[in-house]
1. What ranking, highest mean first, results for peptides 46-53, 215-222 when packing means the other Cβ atoms within 10 Å averaged over each residue?
2. Would you tally the net charge around H91, using a Cβ to Cβ cut-off of less than 14 Å, leaving H91 out, and scoring K and R as +1, D and E as -1?
3. Hey, if you drop one equal point scatterer on each alpha-carbon of region 1-103 and run the Debye formula without solvent, what base-10 log of I(q)/I(0) do you get at q = 0.11, 0.13, 0.15 Å⁻¹?
4. Can you tell me the relative contact order of the chain? Whole percent, Cα pairs under 8 Å, sequence separation 6 or more.
5. Which of the residue pairs K122/K221; K125/K198; K44/K125; K198/K224 have a Cα-Cα distance greater than 22 Å in the structure shown?
6. What ³J(HN,Hα) values, in whole Hz, does the Karplus curve 6.51 cos²θ - 1.76 cosθ + 1.60 give for region 90-101 when θ = phi - 60°, with x put for Gly and Pro?
7. Can you list residues from other chains, or at least 5 along the same chain, whose modelled amide H is less than 5 Å from the amide H of I65?
8. Nearest-5 percent of antiparallel DSSP beta bridges in the chain?
Amino acid sequence: MRGTLAGDEARHCSKVLRHQVGDHIHGIDGKGKKFLGEIMSIAKDRVILSLSEQKHEWGEQPTYIRLGVSPLRLKDRFEWLIEKAVELGVHEIVPIICKRTYKYSGKWKSYRLATIILSAVKQSKRSRIPTFPSPTLFEDFIQSDSSSLRLMGYCEADSPIQAGRELIQQAESISLLIGPEGDFSPEEVALAGKAGFKPLSFGENRLRTETAATFAMSTIKLIKGY
């Protein structure tokens, strides 16, 4: 079976890493497979490989995690959030527009975010590239969700996230809602509750959106044991 590296990936392979014909390298298809390949030929923007070995779902965990998070006012903070979420195992990152979301004006660049996501996938040794769909309204997100466990971070929640340990351990798929600066509105919390989302607290201290998302993802990772 043959494979091809093109564009930036090909140039990185031949110019930066200085691989030559006959070298063996590992690569991923972004859909859950890792390959071992032998370099057959090198051109300016293309490297042809002979693929001899593949592993399915390499570096991936069985629990599908969907993160719905409000876009942030500061672009660099939102990019940092996305990078860390990918490193911590998220499979889907959905920007959700909430009542208190800072007015979204499409400030991020799709190409830059795709580069950040791919870099985080490589850094954390994963084989599946998480999806990043277009921004969606809060109401549409909760109504369309079908995860077996639905959680939302909420400052005024009575239960800490640790109280959901058993549910998290058993869940085959998890949706996690993280709100904007200023948190979700009471109306949004009520709507989410009706849709099956369980409000959870992340401690006594008020956290920024990007900190809350990272804390929640890390806690899920710790409870799941991966």
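The numbers here are math on the coordinates, done by the rules we state, and not lab data. Worth saying up front: this structure is predicted, and the values here are computed from it rather than measured. In this analysis, Cβ positions are derived from the backbone assuming ideal geometry, glycine residues included, and neighbour counts consider all displayed protein chains.
1. Top to bottom by mean Cβ count within 10 Å: 215-222, 46-53.
2. 0
3. Scattering profile of region 1-103, log10 relative to I(0): -0.52, -0.66, -0.78.
4. Once divided by the residue count of the chain, the mean separation gives 21 percent.
5. Pairs exceeding the cut-off: K125/K198; K44/K125.
6. 5, 9, 8, 10, 10, x, 10, 9, 9, 4, 9, 5
7. H91, E92, I174
8. 50 percent
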